[in-house]
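Have a look at the structure below, then the notes.
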Amino acid sequence: MTISLDKPIDEPLDDPLAAPAGSATLHGLSSSDALLRVRGLHVTFTSERGPVHAVRGVDFDLARGETLAIVGESGSGKSTTALALTKMLPGAGAVTGGSVLLDGPAPGDPVLDLASAGEDELRRIRGARIGMIFQDPMTSLNPLLTVGRHLDEAMRAHGVADKRKRAARAVELLDLVGIADPAKRMRDHPHQFSGGMRQRVMIALALANEPDILLADEPTTALDPTVQAQILTLLENLSRELGTATVLITHNMGVVARSAARVMVLYGGRVVEHGRTEDVLAAPQHPYTAGLLRAVPRLDAPYGQRLHGIPGSPPDLASPPEGCAFADRCTLATDQCRTEQPPLRAVGSGRTVACWVSDGPLPLPLAASGAVVSGGASGTEVAEALDGKQAFAAARAADVHEAGDVEPVLSVEGLGKVFKSRRNRVVALDDVSLQLFPGETLGVVGESGSGKSTLVRTLVGVHPPTAGRIVFGGRDVTRPSRADVRTLRRSVQMVFQDPYASLNPRMTVGAIIADPLVSQGLGTPGEHRRRVGELLERVGLDPAAADRYPRDFSGGQRQRIGIARALAPEPSVLICDEPVSALDVSVQAQVVNLLADLQADLGLSMIFIAHDLAVVRQISHRITVMRGGRVVETGPAEQLCADPQHPYTQALLAAVPSPVPAARTAAAA
């Protein structure tokens with residue numbers, strides 16, 4: 001078995017949606033041709049407040065070689081649906097209704113209902129006929145075992161008794177997923193691989209026993225665009241050459257547009273829209289689908305246009321609403337929407353939508369022009385209802401400072417950082433120079449290992465530099481005094497990538513936000529309480545939330561709490577290290593808009609690190625591109641993305657998947 005990672009996909013895949021005339025179909029797929037048939041799937045979790053109905057009547061079919069994408073916000077039921085297929089739900093969850101019918105491995109073999117199968121039978125299926133790629137490979141791989149041992153155990157558990165055969169197969173798998181020198185890397189442990197390489201190891205594990213189906217849960221989240229493109233190419237080649245069917249769970253619409261033949265949109269545990277990817281992404285017919293697409297930042301969108309977040313929060317599935325679950329967040333909702341659950345109805349060949357008010361395609365902003373396109377009779381009305389704010393508080397492009405126009409708040413000159421050990425000498429930063437001006441956002445992009453995180457850690461004093469100067473507010477703080485450290489800790493604050501990991505679960509939200517004030521001796525307890533209330537209100541949360549704990553909040557709300565904590569000592573510089581990489585597109589839009597609003601209101605300067613160049617372009621005035629510890633290009637955000645000069649910048653931009661279905665069609669042509 002040989003698959004080249006670089007092999008071009010120059011022929012369109014056979015259309016898995018084409019059904020023989022007269023055959024029974026679900027979403028355009030012939031039931032007789034489906035490898036997996038899911039009907040009326042219900043999943044319920046037990047909780048202190050009663051049953052939580054996480055998945056409510058989901059139907060879909062999956063053909064050999066097909067990729068079905070499942071999209072939706074956190075809590076919509078995406079991952080729960082995938083885990084329920086092989087009953088790998090957490091202890092509190094159970095399949096409470098429906099069937100999951102898997103065809104036998106050979107023609108004529110009996111069909112197995114996984115929903116009612118016993119644990120022994122499911123163990124034979126998991127990893128053998130259905131493989132799983134988890135979102136975070138580091139938490140899924142045993143740090144005490146080598147990669148070779150992981151692969152060996154996966155094959156031995158499913159009856160591959162010959163040790164030599166397992167070892168040869170393991171080397172073949174690592175080579176298959178594009179890991180160089182696979183025989184040598186077999187002896188390495190997970191921590192010795194980069195994030196992208198660990199994800200490749202996870203794919204190798206999922207493929208160890210040549211499964212018919214891959215369940216890929218956010219396989220490219222938090223990966224750099226070039227690594228993401230390599231992983232997607234690998235999955236596409238597996239589908240093409242091995243006939244592997246894939247259920248792809250993601251919040252990245254660009255990934256959906258590139259890789260999936262069909263897309264199923266979940267909200268509140270139900271399917272609200274389902275159809276061909278080209279149809280759904282180009283002309284969504286459910287307001288929720290349109291809202292998700294409008295929240296996606298795009299490289300070809302008009303610069304300075306505000307992201308369109310979806311207001312409100314997903315429903316509480318412990319007490320699901322009587323009518324449409326999206327009604328409370330939908331500007332088009334009627335009384336019927338709030339009292340009657342809309343059925344999933346056919347609206348075309350292989351297309352279904354669950355909505356009372358939608359009578360055709362809903363509007364989406366067009367690239368470049370910023371206009372709104374609509375295929376429905378009520379397009380103008382829908383556009384007005386969905387638009388919200390139209391522009392940033394200040395025009396982003398107009399705020400870029402010319403050299404010499406104003407003094408920078410932060411200046412880095414020839415910065416270097418070398419990490420040494422007895423065996424190695426690693427140059428993490430090499431002659432890095434940059435400037436940050438008052439009220440400006442400087443985006444920093446580059447692949448893993450480019451030096452982005454080392455740069456910000458050096459700026460805040462975690463790593464002492466080995467060369468160069470750091471000047472803050474006109475004062476050299478390269479080797480800060482005790483007074484300088486105190487000033488820096490107040491004036492420069494960070495917003496971290498994982499808000500849950502950076503918030504103390506044993507402290508209330510109020511105590512977390514007030515902690516910088518307490519540690520620096522700023523104000524009295526009464527002043528702290530007032531400041532906490534003001535900050536919670538400023539980031540869009542109820543001041544009463546101060547008495548609650550981080551576990552009581554969603555991911556987006558926790559990130560708002562992290563932002564409030566960073567703002568507590570009134571800093572002049574905010575460093576945001578991948579603050580939206582793991583968030584849904586709708587929540588991501590809310591956080592990006594919030595940061596832009598805070599900057600406009602407070603005059604903050606920001607350094608914004610992210611791997612998503614569309615997000616970086618959205619919020620930044622200027623962008624700095626790093627590679628191998630060096631700055632390779634810097635320029636105004638719009639100009640750099642529209643006309644990159646360095647080949648590396650060009651490669652980063654080319655690797656960003658577009659959410660435009662036409663781009664997927666052109667790429668496959």
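The values are calculated or read from the model by the stated rules, or taken from the named source; none is laboratory data. None of these values were measured; they are calculated from a predicted model. Reconstructed Cβ throughout: ideal geometry from the backbone, glycine too, with neighbour counts over all protein chains shown.
Looking only at region 217-226, filter to residues that are under 13 Å from the mean Cα position of the chain (by Cα) and not acidic (D, E); which one of those is modelled with the highest pLDDT? Spell out the reasoning first.
Going residue by residue through region 217-226, those that are under 13 Å from the mean Cα position of the chain (by Cα) are 217-225.
When the remaining residues are screened for being not acidic (D, E), the result is 219-223, 225.
Details: P219: 86, T220: 81, T221: 74, A222: 64, L223: 74, P225: 83.
It comes out as P219.
Working only within region 160-182, note down all residues that are part of a helix (DSSP H, G or I) and not aliphatic (A, V, I, L, M). Break it down stepwise before answering.
First, the residues of region 160-182 that are part of a helix (DSSP H, G or I): 163-176, 182.
K163, R164, K165, R166, R169, E172, D175, P182, listed by residue number.
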Checklist entry - Quick one: is T221 out of contact with any Phe, Trp or Tyr (no Cβ under 8 Å at 6 or more places or on another chain) and buried (at least 22 other Cβ atoms within 10 Å of the Cβ)? => result no
Checklist outcome for this item: D188 meets each of (1) under 27 Å from the mean Cα position of the chain (by Cα); (2) over 22 Å from I130 (Cα atoms); (3) part of a loop (DSSP other than H, G, I, E, B) with one exception, condition (1)
Next on the checklist: Yes or no: region 629-636 includes at least one residue that is among the polar types (S, T, N, Q) and either buried (at least 16 other Cβ atoms within 10 Å of the Cβ) or at pLDDT below 90 (or both).
Outcome noted: yes
Next on the checklist: Quick check on my filter: what residues within region 62-92 are out of contact with any Gly (no Cβ under 7 Å at 6 or more places or on another chain), farther than 18 Å from D217 by Cα and touching a residue at least 12 places away in the same chain (Cβ under 8 Å)?
Outcome noted: A63, A92
Checklist entry - For G275, all conditions in the list (1) under 28 Å from A346 (Cα atoms); (2) at pLDDT below 90; (3) in contact with a Lys or Arg (Cβ under 7 Å, 6 or more places away or on another chain) hold save one; what is the number of the exception? => result (2)
Next on the checklist: Being charged (D, E, K, R) and part of a helix (DSSP H, G or I) is the requirement here; does R240 meet it?
Outcome noted: yes
Checklist entry - For residues in region 319-336 being over 30 Å from the mean Cα position of the chain (by Cα) and either of a type outside the set (D, E, K, R) or assigned to a loop (DSSP other than H, G, I, E, B) (or both), which is nearest to F45 (Cα to Cα)? => result E322
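Which residue is modelled with the highest pLDDT, if the candidates are limited to region 284-335 and must be of a type in the set (V, I, T) and surrounded by 23 or more Cβ atoms within 10 Å (Cβ to Cβ)? Even if it seems obvious, please write down each step before you answer.
First, the residues of region 284-335 that are of a type in the set (V, I, T): 289, 296, 310, 331, 334.
Those still in the list that are surrounded by 23 or more Cβ atoms within 10 Å (Cβ to Cβ) too: 289, 296, 310.
Details: T289: 95, V296: 90, I310: 89.
Filtering first and then ranking leaves T289.
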Checklist entry - Counting only residues that are within 15 Å of the chain's Cα centre (by Cα) and in contact (Cβ under 8 Å) with a residue 60 or more places away in the chain, how many does region 227-257 have? => result 14
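Out of L83, L89, report the one residue that is closer than 28 Å to G312 by Cβ, within 22 Å of the chain's Cα centre (by Cα) and either outside any helix (DSSP H, G or I) or among the charged types (D, E, K, R) (or both).
Working: L83 fails: either outside any helix (DSSP H, G or I) or among the charged types (D, E, K, R) (or both).
Criteria check complete, one pass: L89.
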Checklist entry - Out of (1) modelled with pLDDT under 90; (2) buried (at least 22 other Cβ atoms within 10 Å of the Cβ); (3) not assigned by TED's automatic domain parsing to the domain that holds R617, the odd one out for V509 is which? => result (1)
